[in-house]
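Chemist: Dropping a structure here in structure tokens format, bear with me for questions.
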Amino acid sequence: MALTIKIGRGNQSATVRLEMDLRKSMNGDLMIFDHGDIDIVLSPSSNKVVVFPKENMSDLVYGAQNRLFTHLRKKGLVIPESIQASSFCGAFEATMQDSFKENLNSAKMTLINISEFIDEERPYFESMEAIVSMTDDELIHPDKEDSTELGEVPQSTEKGSIRPGFIRDPYSLNYLYTI
């Protein structure tokens with residue numbers, strides 16, 4: 001979805017156009033779903049940025065959350081000591097800085113910088129998605145050298161890791177030791 005943001009007032013205003021997968025919630029929060037590992041909620045009413053993990057929680061989520069808040073902290077948009085774990089499992093939140101100028105809105109500036117962060121991260125998570133789909137494709141459609149047709153497997157008397165005649169039941173093993 002394309003979003004146009006006007007920053008400033010009067011002669012000192014600028015217009016920025018952002019292309020993001022963005023939705024507005026019932027209470028006016030902006031929910032951003034562009035990143036591959038995290039979902040970002042920008043709440044202008046409570047002056048907070050909350051970052052949730054996607055459906056699949058992994059080790060990559062904490063790294064993405066850390067990089068986002070480091071980016072926003074270096075830009076001076078969040079209060080560094082306010083970055084903390086949220087009440088939702090795996091989520092982090094931070095409080096946005098208040099703007100000292102009347103013509104600047106901290107929520108709009110944070111939204112622009114979140115878009116910039118996602119654009120920086122996009123090659124990384126798109127390459128990860130490509131690697132995962134390539135691995136899935138190799139498993140589903142293997143090459144000739146990695147597969148055999150039915151009937152080409154040579155026959156032998158013993159095959160695999162389970163040998164006939166061995167007791168594999170844990171209860172039978174206990175019975176043997178109690179005799």
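The values are calculated or read from the model by the stated rules, or taken from the named source; none is laboratory data. Given the structure is predicted, the values throughout are model-derived calculations rather than measurements. Here the Cβ is made from the backbone with ideal geometry for all residues, glycine too, and neighbour counts use every protein chain on show.
Chemist: For the stretch 9-35, how many residues are surrounded by fewer than 18 Cβ atoms within 10 Å (Cβ to Cβ) and closer than 16 Å to GLU129 by Cα? Can you show your working first?
Modeler: We begin by selecting, within the stretch 9-35, every residue surrounded by fewer than 18 Cβ atoms within 10 Å (Cβ to Cβ); these are 9-17, 19, 21, 23-29, 31, 33.
Still in the running and closer than 16 Å to GLU129 by Cα: 33.
Selection size over the stretch 9-35: 1.
Chemist: For the structure I just gave you, tell me whether LYS48 is farther than 23 Å from GLN84 by Cα and either touching a Ser or Thr at 6+ places or on another chain (Cβ under 8 Å) or exposed (fewer than 15 other Cβ atoms within 10 Å of the Cβ) (or both).
Modeler: Judged against the criteria, LYS48 is not a match.
Chemist: Answer with yes or no whether LEU22 is touching a residue at least 24 places away in the same chain (Cβ under 8 Å) and either over 15 Å from PHE125 (Cα atoms) or touching a Phe, Trp or Tyr at 6+ places or on another chain (Cβ under 6 Å) (or both).
Modeler: Working: touching a residue at least 24 places away in the same chain (Cβ under 8 Å): no; either over 15 Å from PHE125 (Cα atoms) or touching a Phe, Trp or Tyr at 6+ places or on another chain (Cβ under 6 Å) (or both): yes.
Judged against the criteria, LEU22 is not a match.
Chemist: Follow-up. Yes or no: MET128 more than 30 Å from SER45 (Cβ to Cβ), at pLDDT 80 or above, among the aliphatic types (A, V, I, L, M) and surrounded by 11 or more Cβ atoms within 10 Å (Cβ to Cβ)?
Modeler: On the way: more than 30 Å from SER45 (Cβ to Cβ): yes; at pLDDT 80 or above: yes; among the aliphatic types (A, V, I, L, M): yes; surrounded by 11 or more Cβ atoms within 10 Å (Cβ to Cβ): yes.
So MET128 passes the test.
Chemist: Of the residues in the stretch 92-151, how many are of a type in the set (Val, Ile, Thr) and within 20 Å of LEU72 (Cα to Cα)?
Modeler: Going through the stretch 92-151 one residue at a time, the tally reaches 5.
Chemist: State all residues of the stretch 78-102 that are outside any loop (DSSP other than H, G, I, E, B) and surrounded by 15 or more Cβ atoms within 10 Å (Cβ to Cβ); if no residue qualifies, say none.
Modeler: Once the filter is applied, which keeps residues that are outside any loop (DSSP other than H, G, I, E, B) and surrounded by 15 or more Cβ atoms within 10 Å (Cβ to Cβ), the stretch 78-102 yields VAL78, SER82, PHE92, GLU93, ALA94, THR95, MET96.
Results for (1) surrounded by 10 or more Cβ atoms within 10 Å (Cβ to Cβ); (2) aliphatic (A, V, I, L, M); (3) modelled with pLDDT of 75 or more, shown as yes or no for each residue.
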| site | (1), (2), (3) |
| --- | --- |
| THR135 | yes, no, yes |
| HIS141 | no, no, yes |
| LYS144 | no, no, yes |
| VAL153 | no, yes, no |
| GLU158 | no, no, no |
| ILE167 | yes, yes, no |
| ASN174 | no, no, no |
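Chemist: Let me ask you something else. Select from the stretch 12-67 the residues that are out of contact with any helix residue (DSSP H, G or I) (no Cβ under 7 Å at 6 or more places or on another chain), closer than 20 Å to CYS89 by Cβ and part of a strand (DSSP E or B) and list them in ascending order.
Modeler: Result: MET31, ASP39, VAL41, SER43, LYS48, VAL50, PHE52.
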